[in-house]
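Q: Just dropping this structure here.
Please treat every number below as a calculation from the coordinates, not as lab data. This one's a predicted model, so the numbers in the text were calculated from it and none came from an experiment. In this analysis, Cβ positions are derived from the backbone assuming ideal geometry, glycine residues included, and neighbour counts consider all displayed protein chains.
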Amino acid sequence: MGETPTREAAWALLTEFTDNPSLIKHALGVEAAMRAYARSFGEDEEMWGAIGLIHDFDYQQNPTEETHLHVGTKILRDRGWPEDWIRIVASHADYMGVPRDSRTAKALFAVDELSGFLVACALVRPDKAIAEVRVKSVKKKLKDKAFARGVNRDDVRNGAQELGVDLGEHIEFVRDAMATISDQLELPPPE
Ligand SMILES: [Fe+2]
Ligand SMILES: [Fe+2]
C-alpha cells in the first residue's frame, strides 16, 4: 500500500470481500455522494471517494455490530491502509466509539443512510428515476415509519446536522450526485 490508496485499490478491496450487487451499489452510491461533497468543499475527491467505496467492504462477511468494522479495520491495518482513513471508516458506526472529528467522517456518516433511503424513494416511483425524487416526498417518507424501515431516521437527520448542511439541501445534493451514476445503480437515467 503506497502513500495514498487509489480508487483502483479501493475497488479491488471492496470486490475482494463483496459480491452482493446491493452492497456494491451501496458503495458506489456513497462514493458518488462523497466525491460530490469533496468537490463542493474543495477537499480531496479521490480520498473521499475511495473511503466511500470501502466503508462497508467487510459487511457482507461480517454483518453484525460485533463484527462489521471490527474485522474490517483489522484487515485495513494489516494491509497498511492509512490510519486516518481507518478511523474515518470506523467512525460511520456509532458503536465503534470513534469520534467523527473530520469533515470526511461527518460527510460519510451523513450520506451513508440517506443514500439507501433515496434508492428506496426512487424504487417506489413508477419511473424509478432517482433524479426525479422530490425533497418534499423524501421528507414525508422519513416521517413514515413503515417506509424503508431499515433506515435509521435519526442518523439521516443527525448526519446532516453534524455536517452543517440543511436537510433539504442535503437530500437534493446527494440525490443529484447519485443520479449521475444511475446506470451503475441500475436505475433509469435522468431525462
Ligand atoms: Fe456500515
Ligand atoms: Fe454503508
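Q: Going through the stretch 52-106 one residue at a time, which ones are in contact (Cβ under 8 Å) with a residue 40 or more places away in the chain and within 15 Å of ligand 2 (Cβ to nearest atom)?
A: Scanning the stretch 52-106 gives 52, 53, 54, 55, 57, 58, 59, 60, 61, 100, 104, 106.
Q: Moving on. From the list 38, 50, 27, 12, exactly one residue is part of a helix (DSSP H, G or I) and within 20 Å of residue 155 (Cα to Cα). Which is it? Before the answer, list the steps.
A: On the way: 38 fails: within 20 Å of residue 155 (Cα to Cα); 50 fails: within 20 Å of residue 155 (Cα to Cα); 12 fails: within 20 Å of residue 155 (Cα to Cα).
Result: 27 is the single residue among 38, 50, 27, 12 that is part of a helix (DSSP H, G or I) and within 20 Å of residue 155 (Cα to Cα).
Q: Between 31, 46, which is within 29 Å of residue 165 (Cβ to Cβ), acidic (Asp, Glu) and either buried (at least 21 other Cβ atoms within 10 Å of the Cβ) or touching a His at 6+ places or on another chain (Cβ under 8 Å) (or both)?
A: Working: 46 fails: either buried (at least 21 other Cβ atoms within 10 Å of the Cβ) or touching a His at 6+ places or on another chain (Cβ under 8 Å) (or both).
Going through 31, 46 in turn, just one is within 29 Å of residue 165 (Cβ to Cβ), acidic (Asp, Glu) and either buried (at least 21 other Cβ atoms within 10 Å of the Cβ) or touching a His at 6+ places or on another chain (Cβ under 8 Å) (or both): 31.
Q: Let me ask you something else. Given the condition within 16 Å of ligand 1 (Cβ to nearest atom), surrounded by 15 or more Cβ atoms within 10 Å (Cβ to Cβ) and of a type in the set (Ser, Thr, Tyr), answer yes or no: does some residue in the stretch 112-133 qualify?
A: Filtering the stretch 112-133 for residues within 16 Å of ligand 1 (Cβ to nearest atom) gives 112-117, 119.
Pick out the ones that are also surrounded by 15 or more Cβ atoms within 10 Å (Cβ to Cβ) and you get 112-117, 119.
After this cut, where a residue has to be of a type in the set (Ser, Thr, Tyr) as well, the list is 115.
Yes, the stretch 112-133 contains a residue that is within 16 Å of ligand 1 (Cβ to nearest atom), surrounded by 15 or more Cβ atoms within 10 Å (Cβ to Cβ) and of a type in the set (Ser, Thr, Tyr).
Q: Of these, 128, 140, 145, which one is touching a Leu at 6+ places or on another chain (Cβ under 7 Å), more than 16 Å from ligand 2 (Cβ to nearest atom) and farther than 29 Å from residue 42 by Cα?
A: Values: 140 fails: touching a Leu at 6+ places or on another chain (Cβ under 7 Å); 145 fails: touching a Leu at 6+ places or on another chain (Cβ under 7 Å).
None of the others qualify; the one that does is 128.
Q: Only one of (1) touching a His at 6+ places or on another chain (Cβ under 6 Å); (2) away from ligand 1 (no atom under 16 Å from the Cβ); (3) not acidic (Asp, Glu) is not met by residue 108, so which one is it?
A: (2)
Q: Check whether at least one residue in the stretch 53-62 is away from ligand 1 (no atom under 12 Å from the Cβ) and part of a helix (DSSP H, G or I), and report yes or no. Break it down into steps so the answer makes sense when it comes.
A: Applying the first criterion (away from ligand 1 (no atom under 12 Å from the Cβ)) to the stretch 53-62 yields 53, 61.
Among the residues that remain, those that are also part of a helix (DSSP H, G or I) are: 53.
Yes: the stretch 53-62 contains one or more residues that are away from ligand 1 (no atom under 12 Å from the Cβ) and part of a helix (DSSP H, G or I).
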